[in-house]
Amino acid sequence: MRAANLFARGASQADVARELGVSRQSASDWYATWRTGGKRALRGAGRAGRLPKLSESDLAKVARALEAGPKANGFATDMWSLARVAAVIESVTGISYSTTQTWWILRERLHWSRQRPARRAIERNEDAIRAWVKNRWPRVKKTPDAEGPGSSSKTSPASHCCPR
């Protein structure tokens, strides 16, 4: 409607595009519509973009399923992943989403955020972790003092030449 008002006052298509922060092509399309049908023709443009596949009632069902937890939804552990959330969305609504789309739904439509677990895994073995850090880590870390010569080339081995 702002575009129609600007056109009626004599603004150019370029001025409208600049003023409203849209492309020149959009302003040109609006101008053509406005010229043939006036302000009323522009009013019928409706919503821009694709309509969401999930309705508000679908979102409410998904939220209830997610709030019940992963185990209640048939998963072995009590930890959510995007793949698991996508599987729940599909089982509840019949609509399949990628993990990227699933993250957007969680963040933008359900207003959920990413969180870390509040506790450590039961299976965690502190002694095994200390032993790995002491014995294995020095052999696998990539530092100048790591065992053996290294190479930045993926195709040629490190030379055994003297340092420069």
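Points worth noting:
Residue-wise test of (1) among the aliphatic types (A, V, I, L, M); (2) assigned by TED's automatic domain parsing to the domain that holds ALA11; (3) surrounded by fewer than 14 Cβ atoms within 10 Å (Cβ to Cβ); (4) modelled with pLDDT of 90 or more.
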| residue | (1), (2), (3), (4) |
| --- | --- |
| VAL22 | yes, yes, no, no |
| THR33 | no, yes, no, no |
| ALA48 | yes, no, yes, no |
| LEU66 | yes, no, no, yes |
| PRO70 | no, no, no, yes |
| MET79 | yes, no, yes, no |
| ALA83 | yes, no, yes, yes |
| ALA86 | yes, no, no, yes |
| ILE105 | yes, no, no, yes |
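- Scanning region 35-46 for residues that are surrounded by fewer than 14 Cβ atoms within 10 Å (Cβ to Cβ) and among the small types (Gly, Ala, Ser) turns up GLY37, GLY38, GLY44, ALA45, GLY46.
- Boolean, SER57 is over 30 Å from MET1 (Cβ atoms) and touching a residue at least 12 places away in the same chain (Cβ under 8 Å): no
- Residue check for GLN13: more than 25 Å from the chain's Cα centre (by Cα), of a type outside the set (Lys, Arg) and surrounded by 12 or more Cβ atoms within 10 Å (Cβ to Cβ): yes
The values are calculated or read from the model by the stated rules, or taken from the named source; none is laboratory data. None of the values given here were measured: they were computed from a predicted structure. Positions of Cβ are backbone-derived with ideal geometry, glycine not excepted, and every protein chain shown enters the neighbour counts.
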